[in-house]
Structure formats: structure tokens, C-alpha cells
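Read-outs: derived from the displayed coordinates by stated rules, not from any lab. Quantities reported herein were computed from a predicted structural model and do not represent experimental measurements. Counting neighbours? That spans all protein chains shown, and the Cβs are built from the backbone with ideal geometry, glycine included.
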Amino acid sequence: MVLLRRLLTYGAVVVVSLMAAACASLPTESSWGDVSLIGSPAKILFSFSDRIVQLDPTDGKPVKLLDTDGKVRVDDSGNPRTWVLLSPTGTTVHYYARPIQTDDQTLIAGVYEDKLFQVDAAAARIDKTEGIVLPGHVLGNPLLPAAPNDQLLYVPLSDNGLVALKKTDFSQAWQFKGDGGKGVWSQPLLVDGTLYVSAMNHFLFALDAQTGTEKWKVELNGALASTPTYANGALYVGSFGHEVYKVGLDGTIAAQYATSDWVWGAPTVVDNMVYVTDLGGNVYALKDSGSSLDPVWTRKVASAAIRMSPFVNGDTIVVGSRDHNVYWISRTTGDAINDSGGKPITRAMNGEVLSNILLIPTTDANADPTIIVSTIDKSELLVAFSLSTGERRWVYSS
């Protein structure tokens with residue numbers, strides 16, 4: 001109940017409904033989306049609410065569907081069709097997680113309604129509308145490791161641990177429920193045959209990736225809502241217990257640092273520096289000294305929660321907040337980065353910013369990169385910004 005009240009304080013209405021799903025109806029709207037890149041040349045893949053769309057990263061416009069001859073597909077009225085995957089006919093499902101690509105022609109999309117769908121990627125069509133039934137809801141991103149370790153698909157379940165499915169037929173290979181079947185809200189991490197799983201029951205688990213057998217677990221004094229970050233031969237993870245931890249691959253806590261509030265987003269590690277956000281609107285820069293995480297600077301950046309992981313590029317950190325703003329700060333000092341007129345680069349948004357920031361890569365070393373920020377407001381679901389100046393480049397709305 002304490003966790004439930006705290007989530008309500010932060011206004012995460014849908015998250016509250018997710019936790020109460022056993023005794024209430026399903027959520028009517030997704031509160032956050034997921035944005036990623038797919039294909040070559042890369043396209044933006046955006047999951048939100050009842051749909052998944054593909055967008056052109058240069059202008060944010062929906063990608064047109066092409067037939068096998070490379071011609072644009074049209075609907076019954078002769079209008080060009082775009083890459084939009086909706087709920088199966090006659091139903092409404094909710095996409096919180098990004099689809100994963102199993103081969104050149106197929107995507108696998110998990111939904112909150114206890115299912116996976118196989119998607120014909122060329123046609124943006126669900127192949128079997130009955131789907132693959134799962135023993136729980138999907139909030140976190142599934143994991144399909146790269147070949148040759150791609151025999152199993154790992155699906156986190158928000159209320160029932162983690163399930164491993166065989167890639168060949170999606171039959172269940174094993175299920176790990178942890179202690180009491182607590183939820184997993186984030187993608188598991190695979191390192192050298194071991195699966196590391198953050199759970200909402202306060203434990204970080206290490207599992208044998210082939211069998212699901214528990215190797216070890218460690219109590220981290222609060223719910224764990226994000227994937228561990230693997231760097232420098234260790235795991236870094238934030239906790240709702242107002243802590244960020246460095247954990248060895250043997251399960252020992254090597255270092256920890258107390259934050260002012262819950263840590264939801266995964267730490268960002270660059271060399272021996274660890275950057276962390278919390279739900280009090282703070283950003284932390286910590287030096288990893290081996291057996292300690294030493295504060296270099298801490299800044300109260302936002303007036304509301306920062307749920308995302310810090311986006312770090314060069315000397316720039318960008319974070320978005322529930323206060324409807326995106327902030328550019330210095331990685332060196334934590335101070336605001338100013339524009340050419342001497343004003344802090346802060347961009348007001350129409351909605352809360354909850355999801356991680358996506359970088360659009362460029363092969364031109366002199367080009368100013370583009371970053372993609374997602375909000376929960378349908379008039380401004382995705383906004384493309386210049387990384388260096390914060391200039392708006394395009395907006396995608398529902």
C-alpha cells in the first residue's frame with residue numbers, strides 16, 4: 001500500500017491501475033511509450049497506447065508501406081497506406097514495450113493483455129490475431145539475444161516474474177517467479193550466459209539463461225523498475241529505496257550511494273562516472289572509485305520527477321521531467337547549458353516526459369545530432385531536437 005500511495009502521489013494513474021489489475025479492469029490508456037530504431041536505413045519505431053508506428057527520422061512523418069515491387073500500397077479509397085500497427089480487429093490492446101525483430105520479415109510485439117503477437121513487418125499486419133498467450137502482463141521490453149544465443153526469447157511479466165520462450169515455436173521453456181511471483185517491469189540483461197533480472201520485490205536476481213535456475217539474489221531495499229547497467233565488469237542499478245548500487249557479478253554489493261528520492265531510470269555509466277536521476281527532480285554525478293560511489297556534483301534540475309535515465313553525449317546531459325520540460329545541463333558541472341544568448345537551454349513540452357531519449361545516429365562528424373523526446377500528450381508524442389542547441393526539428397502527433 002505504501003508503494004501504491006507513492007505512485008498515486010506522482011500521478012502515475014495507469015501504473016496504479018496496473019498494480020491493482022488483479023481486482024480491477026485493465027488500463028484504458030498507456031502512460032508511457034517506447035521509442036527505438038529499426039532497419040537499415042534506420043526508421044523510428046514508436047509504441048504507444050493501442051498502436052505501433054514507423055516514422056522517418058528526418059521529418060517525423062509516418063513511413064509509407066511498400067509492396068514487393070517497391071510501390072506504395074494504397075487503401076480502398078486510393079490513399080497511401082502508412083506503417084501503423086493497431087489492435088487486432090474487435091479488441092483493444094496496450095503496447096508499452098518495443099517490438100523485437102526475429103528475422104527480416106517478422107516482429108514480435110508484447111501487449112499488456114497477456115499476449116505476444118507475430119507481425120508481418122512488410123505489411124504492418126498481425127499474422128494470428130489470437131496471439132501467443134502469456135502467463136502475465138507485458139510492460140518491460142522482451143529480450144532476444146543476438147545470434148548464436150538467440151534460441152530463447154525472454155519476456156518480463158509485470159505481475160508474474162519472467163518467462164523464457166523457445167524461438168522456434170514460442171512454447172514455454174521455463175518460468176521464473178522469484179519470491180512470491182513478483183513483477184518484472186524492465187528488460188532483463190544477458191551477460192556471458194547469465195540473465196540479470198530487476199524485480200519489484202526489491203531483489204536483483206542472477207539466473208542461468210538456459211534453465212532459469214537461480215544463481216544468486218541480492219536485496220536492494222526497494223523496488224527495482226529498470227534494467228541493470230553493465231559496465232566496468234559490474235552492474236549498476238537504482239532502487240525505490242533511495243539508493244543506487246554497484247553490484248558485482250557474484251551478487252556482492254561493491255558500493256552504494258543514497259539519493260534524495262526514488263531512482264526509477266537505469267544509471268548511465270561513462271568511463272568511471274555514474275549519472276543518476278531520481279523522482280525528486282535531481283541529477284547526480286558519481287565517481288566510481290571501486291569500493292565507493294563518490295559524489296562529484298548533485299543538481300536539483302526539475303520541479304517534478306525525472307523517471308528516465310540520463311542521456312549523456314559528450315559534455316551534454318539531457319533529461320526530461322514530469323514538469324513538462326526538457327533540460328540541457330553540463331556533464332562536468334551539472335549547471336544549465338546556455339544558448340548563444342546566454343539563456344539556459346530548457347524546452348517546454350505539452351506533456352510529461354517519462355520515456356528515455358533516443359539519439360538518431362549520423363555518419364557526418366560535422367552534423368549536429370538529433371535527439372527524440374517522447375511525451376504522454378497526443379499533440380506532441382514525439383519531438384525531435386537539435387542536440388547542441390535544443391532547436392525543434394519536427395513534431396509527431398497522434
Next on the checklist: Using the Cα centre of the chain as origin and beta-carbon charges of +1 (Lys, Arg) and -1 (Asp, Glu), tell me which of 137, 74, 325 is placed farthest towards the positive end of the dipole.
Outcome noted: 325
Item to check | Estimated dipole of the chain in Debye, rounded to 20 [Cβ of Lys and Arg +1, of Asp and Glu -1, Cα centre] | outcome: 480
Checklist entry - So which aspartates and glutamates can residue 300 reach, going by Cα to Cα under 18 Å and dropping same-chain residues fewer than 8 places off? => result 243, 261, 278, 323, 335, 352
Checklist outcome for this item: Most exposed to least, judged by fewest other Cβ atoms within 10 Å, 144, 165 sort to 144, 165
Checklist entry - Could you name the lysines in cross-link range of residue 166, using Cα to Cα under 27 Å and dropping any fewer than eight places away on the same chain? => result 115, 128, 177, 182, 215, 217
Checklist outcome for this item: Mean separation of Cα contacts under 8 Å (at least 6 apart) over the residue count of region 32-133, i.e. the relative contact order in percent, is 21
Next on the checklist: Please give the charge dipole size of region 87-170, origin at the Cα centre, charges +1 on K and R Cβ atoms and -1 on D and E Cβ atoms. Round to the nearest 20 debye.
Outcome noted: 80
Checklist entry - Listing 397, 47 from the residue with the fewest other Cβ atoms within 10 Å to the one with the most, what is the order? => result 397, 47
Item to check | Top positive-direction residue, dipole computed over region 32-133 with Cβ charges, set 110, 44, 124 | outcome: 44
Checklist outcome for this item: With DSSP loop assignment and no more than 12 other C-beta atoms within 10 Å, the GluC sites (Glu not before Pro) in region 126-229 are 130
Checklist outcome for this item: Relative contact order of the chain (C-alpha contacts under 8 Å, at least 6 apart) in percent is 7
Checklist entry - If we count other beta carbons within 10 Å of each Cβ, what is the order of 162, 134, fewest first? => result 134, 162
Item to check | For region 178-253 versus region 355-395, the gap between their alpha-carbon centres in whole angstrom | outcome: 31
Next on the checklist: Taking a ≥ b ≥ c as the square roots of the Cα gyration tensor eigenvalues, with a/c under 1.5 meaning rounded and otherwise prolate when a/b beats b/c, else oblate, which class fits the chain?
Outcome noted: oblate
Item to check | Dipole-positive endmost among 248, 366, 390 within the chain (Cβ charges, Cα centre) | outcome: 390
Checklist outcome for this item: Note to self, the chain gives a 222 nm [θ] from helices alone (DSSP H runs n ≥ 4, -39500 (n - 2.57) apiece, / all residues, nearest 500) of -1000 deg cm²/dmol
Checklist outcome for this item: As straight-line cross-link partners of residue 167, the qualifying aspartates and glutamates (C-alpha separation under 17 Å, not fewer than 8 residues apart within one chain) are 103, 104, 120, 127, 150
